[in-house]
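Below is one structure; the comments refer to it alone.
The values are calculated or read from the model by the stated rules, or taken from the named source; none is laboratory data. Remember, predicted model here, so these are calculated numbers, not experimental data. Cβ placement follows ideal geometry from the backbone for every residue including glycine, while neighbour counts extend to all protein chains displayed. Keep in mind that these areas ignore ligands, DNA and RNA; they rest on the heavy atoms of the full protein, side chains included. Shrake-Rupley method; radii C 1.70, N 1.55, O 1.52, S 1.80 Å.
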Amino acid sequence: MRIFQLNTFCGVKSTGRIAGEIAKLVQADGGECRIGYGVPGISADSQRFALRIGTPAGRKVHAALRKLFDAEGYGSLMATVRLIGEMERFQPDLIQLHNVHGCYLHLPTLFRYFQKKDLPIVWTLHDCWPFTGHCAYFDYAGCERWKTQCHHCPQQKSYPVCIGLDGSKRNHRMKQKFFSMPRRMTFVAPCEWMAGHVKDSYLAKYPVKVIVNGVNLKVFHPVQSDIRIRYGLQNKRLCLSVASEWDQRKGLPFLLEAAQRMGESYTFVVIGLNDEQLTSLPSNMLGIRHTADTAELAAWYTAADCLVNPTLEDNMPMVNLEALACGTPVVVFETGGCPEAIDQSCGMVVPKGDLQALFAAVETAANGAFKPQNCIARAQRFDCEHTFQNYLALYKELVS
């Protein structure tokens with residue numbers, strides 16, 4: 001079985017790690033896998049699968065089109081033509097899509113090719129972008145135009161950022177046209193929340209299967225480290241938050257407020273901040289740009305008394321699963337697929353935006369209300385070696 005995956009990242013970031021784990025399973029099952037990716041920087045164990053799409057210069061041109069004309073998916077024409085040539089040489093039995101937004105693919109050309117080849121396609125939805133005119137999520141804006149016709153996008157300056165012309169109406173029509181071309185396409189949702197939204201979109205004609213995100217328990221597990229000593233965090237209640245970037249929808253203002261109100265006995269460690277955000281933190285908040293690798297990230301999860309994830313819109317965040325695997329309880333708002341990751345044995349779900357409920361939950365979780373072994377037991381449900389076997393079963397069903 002020959003599987004060709006497409007994703008913005010390869011082996012890094014949450015979606016890249018998922019693509020990498022799927023590739024390993026395909027190979028272990030006797031198949032072959034390639035991962036076409038758009039953003040440089042791949043993990044060492046994914047290099048054998050990796051195929052870089054396009055060039056840095058081409059991606060910058062595509063990014064400019066997106067930023068000025070809301071034209072994600074309209075650049076990278078020659079890069080996509082070359083990609084199709086590579087796919088023809090590889091002769092896949094099935095295409096696995098992840099995030100196709102990221103300024104590296106010309107989507108009309110790609111989906112015309114898919115229609116012509118008539119291969120089975122599995123598309124995992126890591127966010128809502130495939131069925132909206134612009135945004136990756138719409139909960140924050142309370143917008144439901146995606147159900148009928150996007151226009152005058154209220155989140156034009158949110159990811160994928162556009163500071164120029166609003167192209168949401170055009171984009172919505174383009175996606176509906178081209179994403180409806182493949183005949184043999186199956187969508188995978190990482191949670192029931194996402195599956196429900198697909199069924200409310202123009203993609204509802206396609207089958208939808210829920211395969212929960214999987215966490216690599218060989219990487220994310222309790223580890224010994226000197227992180228608390230290194231950062232002077234002994235005798236502190238350590239509340240950890242992790243994101244690839246912290247925008248308004250990720251809930252950084254809630255963390256800043258919590259740090260100010262909960263006092264010096266609590267230290268909030270926030271990973272993923274940019275230079276500007278690092279300059280304005282309260283005294284009991286430690287900001288970190290990024291970790292060196294997943295081993296360091298696992299050490300932070302293990303050292304923390306709780307993970308606080310105040311995201312206001314999300315799918316099935318990997319950080320929740322990774323923290324649980326390291327024995328750390330999780331506090332989340334009731335949003336997206338977040339509540340599906342935890343139960344009453346390993347964390348707390350509070351009403352979205354309720355500051356007082358968030359403070360109370362953090363205080364409870366950080367003071368030992370949840371046993372590490374219960375968190376680890378919950379994470380076993382999301383072991384990628386088991387959950388991603390569902391991808392293999394789906395592939396075999398579709399290519400048979």
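Tell me which residues come under 5 Å, amide H to amide H, from K209 once H is placed; ignore anything under 5 positions away on its chain.
Placed amide hydrogens put F187, V188, A189 under 5 Å from K209.
Given the C-alpha centroids of segment 179-231 and segment 326-400, what is the distance between them in whole angstrom?
13 Å
Once the mean 1/r over all distinct Cα pairs of segment 273-398 is inverted, what Kirkwood radius in angstroms do you read off?
Details: mean 1/r = 0.0633 Å⁻¹.
For segment 273-398, inverting the mean 1/r across all distinct Cα pairs yields 15.8 Å.
Under 12 Å from a point 7 Å along the Cα-to-Cβ line of E276: which residues of segment 247-267 have their amide N that close?
247-248
Gaussian network model of the chain, Cα springs within a sub-10 Å range: biggest mean-square fluctuation belongs to which of M185, M318, M78?
Comparing M185, M318, M78 in the GNM, the peak value goes to M78.
By average Cβ neighbour count within 10 Å, what is the ranking of 215-221, 15-21, 31-37 from highest down? All intermediate terms of the calculation are to be shown ahead of the outcome.
Working: 215-221: 20.0, 15-21: 25.0, 31-37: 23.0.
Ranked from most to least packed, the peptides come out as 15-21, 31-37, 215-221.
Modelling each spin label as a point 7 Å along the Cα-to-Cβ direction, I'd like the H386/K371 distance in nm, to one decimal.
Inter-label distance under the simple model: 1.9 nm.
First select every other residue whose beta carbon is under 12 angstrom from the beta carbon of G368; then total the charges, Lys and Arg +1, Asp and Glu -1. Mind showing how you got there, number by number?
Working: positive: R237, K371; negative: D305, E363.
Charge balance in the 12 Å sphere: 0.
Pull up all non-local amide H partners of I35: gap of 5 or more, or a different chain, and H-to-H distance under 5 Å with H placed in the peptide plane.
Result for I35 returns Q5, A50, L51.
Expressed as a whole percent, how much of the Cα-Cα distance distribution for segment 238-281 exceeds 11 Å?
Working: 629 of 946 pairs.
In whole percent, the long-distance tail amounts to 66.
With each label point set 7 Å from Cα along the Cα-Cβ vector, what nm distance links E264 and D354?
Placing both labels 7 Å beyond Cα along the Cβ direction yields 3.2 nm.
For G347, what residues show an amide H to amide H distance below 5 Å, using hydrogens built from the backbone and excluding near sequence neighbours?
It is V330, by chain and number.
Run the numbers for D343 and S244: contour at 0.36 nm per residue of separation, minus the present Cα-Cα distance, in nm. Let's see the in-between values first.
Working: separation 99, 0.36 × 99 = 35.64 nm, distance 2.49 nm.
Gain in length upon complete extension: 33.2 nm.
Using a Gaussian network model of the chain whose springs link C-alpha atoms within less than 10 Å, name the residue from K209, K371, K116 with the highest mean-square fluctuation.
Result for the chain, Cα springs under 10 Å: K116 fluctuates most.
On average, how much accessible surface per residue is there in segment 38-154, in Å², for a 1.4 Å probe, leaving out ligands, DNA and RNA?
Working: 4770 Å² over 117 residues.
With the other protein chains kept in place, segment 38-154 gives 41 Å² per residue.
Just want to confirm a number: the relative contact order over the chain, from Cα pairs under 8 angstrom separated by 6+ residues, in percent. Show your work: numbers first, answer last.
Values: 841 pairs, mean separation 53.8, N = 400.
It rounds to 13 percent for the chain.
Roughly how many nanometres apart are two label points built 7 Å out from the Cα toward the Cβ at L398 and K116?
Inter-label distance under the simple model: 2.1 nm.
Would you kindly derive the ³J(HN,Hα) couplings of segment 326-343 from the backbone phi angles with the Karplus curve 6.51 cos²θ - 1.76 cosθ + 1.60 (θ = phi - 60°), listing them in order in whole Hz, with x for Gly and Pro?
For segment 326-343, the Karplus-derived couplings read 8, x, 10, x, 10, 10, 9, 6, 7, 8, x, x, 3, x, 6, 7, 10, 9 Hz, x marking Gly and Pro.
What FRET efficiency, computed as 1/(1 + (r/R0)^6) with R0 = 30 Å and r the Cβ-Cβ distance, is obtained for M181 and E86, rounded to the nearest 0.05?
Working: r = 21 Å, r/R0 = 0.69.
Result of the calculation: an efficiency of 0.90.
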